Amino acid sequence: MSLRLQIILFLLLLGLTATAVAQTEISGVRTSDSGDTTRVVFDLGGAVEHKVFTLQDPDRVVIDIAGASAGDLSLAEAGVVQRLRTGSRDDGVRLVLDVSRQVRPRSFLVAPGGDRGHRLVVDLEPHGRDESGDGGESTASADSERSSASRSAPTRSMSNGARQRDLVVAIDAGHGGVDPGAIGPGGTFEKDIALQVSRRLARLLEDIDGLKPLMIRDGDYYMGLRDRTRRARENNADLFVSIHADALDNPSVRGSSVYVLSEQGATSEAARMLAQRENAADFIGGVSLKDKDDMVASVLVDLSRAATVESSLELGDKALEELGRTNRLLRGRVEQAGFAVLKSLDMPSMLVELGFISNAEEERLLNQSEHQQNLARALARSIERYAEDVMLPELRMASEEGGGGEYVVQRGDTLSGIAQRHDVPVSRLRDANDLNGDNIVVGRTLVIP
């Protein structure tokens, strides 16, 4: 072997060794608590692969991160999180969160955006409802035993009679017209099941104070995927729910599932919007991207993408939990995929597969009025819970009798989006807060005129 070849092989081996030992640093950690969910965010030096699982006696959440290292991480106690412990593994690092009770963890990675790098977000939601016995909500077990009569009208009174606009829930019945969708072994069309359940869901939402259903397709006709999200935007929808029935070649597979947009799908949509900025009036949270430079437009899209995916996952978790009380689940987690109809970016969106129409037994159930109503009730309860926990509180903040109020800017917010949610012109919002433009800072308290 020549000396030149030996040197080349040595350098290649050296490079491979350096790559093998290089590790992604976990540089920081922070916590926050919203009452029903505790969030732990880890700051990362790059993209990682991770696994999350729980242990009991005592209750712990274990996070294994491959190819990573952790220094001295200090964690503030918040919500269910009591402390953080770290330990090295052959393939990376193990993080252990000691928690005060059993939790259901949900994790996802957030790509770099603005002045922040890669992040691993872990949300911890206690099993069931509050069991403190202080007169709060019933436990999950007790809730599952409520009678059908009490579930049929999940109406709550909102905010002491103060005026606030309704949250618009866009209900998208999949397929339609010349597009039948999947066809069951008994000849059932997916488009018909989707429309029937969508109509039932709309009727249930009409009976819930503070929610207003918007049927994207209310007949047997074809609509393009972009037309569906465009109709939702034109009607100022706050949530987007797409209803479908799944199908596989394997006729034994059955169960409901919930999908939200994946980070990859969201990123692809962000690229599409940026590329079309010069030729179309694309909006993020009510802000046009046409007149924004590349840096500003990129930051706006990234903030909205990350916030929307997180919100969609929270909505999807509630839907999956409620569907699991009515029907068998395909999987016990919310799936993420790049469905075009989910690529709204500026509103929480989920796609619900009611069941497998390719399974003969599930096709029979999907044609039953009672089963359809139960599925619609499950979705109505999940939407109501999400609205009560996440969206309606901020509307109440600015809906005091006679107007006025305050709003704390959240990540992903835009000035026009806040103005739209509080039914005030952007110009009045600027004047009330001495703003010269549309730039707002997370954490700032805005006066709502």
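The values are calculated or read from the model by the stated rules, or taken from the named source; none is laboratory data. Model, not experiment: these values are computed from the prediction. Cβ: placed from backbone, ideal geometry, glycine included. Neighbour counts: every protein chain shown.
Cβ contacts < 9 Å: first residue under 24 Å from Q372 (Cα atoms), restricted to the range 249-270; second residue of a type in the set (K, R) and modelled with pLDDT of 90 or more, any location; separation 6+ or different chain. Result?
If the second residue must be of a type in the set (K, R) and modelled with pLDDT of 90 or more, the pairs left are R254/R328; G255/R328; S256/R328.
Filter the range 60-76 down to residues that are modelled with pLDDT under 90 and under 17 Å from D123 (Cβ atoms), then give me how many there are. Full working, then the answer.
Initially, the range 60-76 is screened for residues modelled with pLDDT under 90, giving 66-76.
Within this subset, residues satisfying the condition of being under 17 Å from D123 (Cβ atoms) are 75-76.
Of the residues in the range 60-76, 2 are modelled with pLDDT under 90 and under 17 Å from D123 (Cβ atoms).
Quick test for you: out of N236, N250, pick the one residue that is touching a strand residue (DSSP E or B) at 6+ places or on another chain (Cβ under 7 Å) and in a loop (DSSP other than H, G, I, E, B). Let's see the steps before the verdict.
Details: N250 fails: touching a strand residue (DSSP E or B) at 6+ places or on another chain (Cβ under 7 Å).
Step by step, each of N236, N250 is checked, and only N236 is touching a strand residue (DSSP E or B) at 6+ places or on another chain (Cβ under 7 Å) and in a loop (DSSP other than H, G, I, E, B).
Could you please tell me which pairs satisfy a Cβ distance under 9 Å, a separation of 6+ or placement on different chains, a first residue in the range 345-364 that is modelled with pLDDT of 90 or more, and a second residue that is acidic (D, E) and outside any strand (DSSP E or B)?
Every condition considered, the pairs that remain are L354/E362; G355/E362; G355/E363; F356/E362; F356/E363; I357/E190; I357/E363; S358/D249.
Cβ-Cβ distance below 8 Å, separation of 6 or more or different chains: which pairs start in the range 29-44 with a residue that is at pLDDT 80 or above and end on one that is polar (S, T, N, Q) and part of a loop (DSSP other than H, G, I, E, B)?
Within 8 Å, the pairs are V29/S74.
Of the residues that make up the range 312-329, is at least one crowded, with 22+ Cβ neighbours inside 10 Å, touching a strand residue (DSSP E or B) at 6+ places or on another chain (Cβ under 7 Å) and at pLDDT below 80?
The answer is no; no qualifying residue exists.
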